[in-house]
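> Structure below; questions to follow.
Since every read-out is calculated from the coordinates, none of them should be taken as a lab result. Remember, it's a predicted structure, so these values are computed and weren't measured experimentally. When we count neighbours, we look across all protein chains shown, and the Cβ atoms used for this are built from the backbone with ideal geometry, even at glycine.
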Amino acid sequence: MSVARAVPAWFSDEERTVLEAACARLIPSGDTPGATEAGVADYIEGLLGAFLVDPPRIWAGGPFSGRFGGPDGFAEFQPLSRIDELAWRTRIEGSLGIPEREFNGPVRGLQQIYSDGLAELGRDFAQVSPDEQDSRLRAAKSFRRVLYDHCCEGMYGAPEYGGNRDLVGWRSIDYPGDVQPRGWTDEEVSEP
């Protein structure tokens, strides 16, 4: 079942359903929360739609998140320099035949990789059996690799980027998260 989107919509509803099902196969729910509970699809959609908002959702501010005191500097995203924007737009959108983006040749962006990869998995991906889902993911090897990397980022990254909802990823691996400005106690540093 689809969850409410916490980020600007990049995917169609159909693509979003396939994305959520694929993420859930790669990081399933069980004894610990999985991709669904962590909002991994929100992370991926936020990355692909980073330039739908201003400033783009690329770099959260800082220096502190406010989770352990101090102001919540991560709540605001930072403007990008011209070079940073060029690099990130090329990575996300691809070169699109724009000469400035093709100094090293054509680039297939993440948006196209996801569009093609979700289509390869099939519109009915969320409705087929788990075995069939696994078979399709294995067949889509290069897309699966990109998707898995982003699933891990969304599961265990800073929640300001759309994933790790309610810190479920960090809690599932007993990671306390960003503890600044509190820092680490002597006992925490000395633990084996």
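> So for each of 100-109, 137-146 I average, over its residues, the number of other beta carbons within 10 Å; can you give me the resulting order with the highest mean first?
137-146, 100-109
> Evaluate the range 13-183: find the radius of gyration of its Cα atoms, find its Kirkwood radius, and give the ratio Rg to Rh.
1.01
> Just from its helices, what would the mean residue ellipticity at 222 nm be for the chain, if runs of 4 or more DSSP H residues each count -39500 (n - 2.57) and the sum is divided by every residue, rounded to the nearest 500 deg cm²/dmol? Don't skip to the answer; put the middle values down first.
Numbers: 9 runs with 87 residues, N = 192.
Rounded to the nearest 500, the figure is -13000 deg cm²/dmol.
> Right, next: Per residue, what volume in Å³ does the Cα convex hull of the range 128-192 take up?
Once divided by residue count, the hull of the range 128-192 is 143 Å³.
> Please give the peptides 46-59, 74-87, 120-133 ranked by average Cβ packing (other Cβ atoms within 10 Å per residue), highest first, as a rough proxy for protection.
Ranking, from highest mean packing down: 46-59, 120-133, 74-87.
> Further question on the same structure: Compute, for the chain, the length of the dipole vector about the Cα centre, with Cβ point charges of +1 (Lys, Arg) and -1 (Asp, Glu) only. Units Debye, rounded to 20. Present the calculation step by step, with values, prior to reporting the outcome.
Details: 19 positive and 32 negative charges, 113 e Å.
Dipole of the chain, to the nearest 20 debye: 540 debye.
> Let's test the formula: R0 of 35 Å, r as the Cβ-Cβ distance of Glu85 and Glu188. What FRET efficiency results, to the nearest 0.05?
0.35
> Then there's this: Would you please give the residues with an amide H less than 5 Å from that of Gly66, counting only those at least 5 places away or on a separate chain, with H modeled from the backbone geometry?
Those qualifying (amide H under 5 Å, at least 5 residues apart or on another chain) are Gly73.
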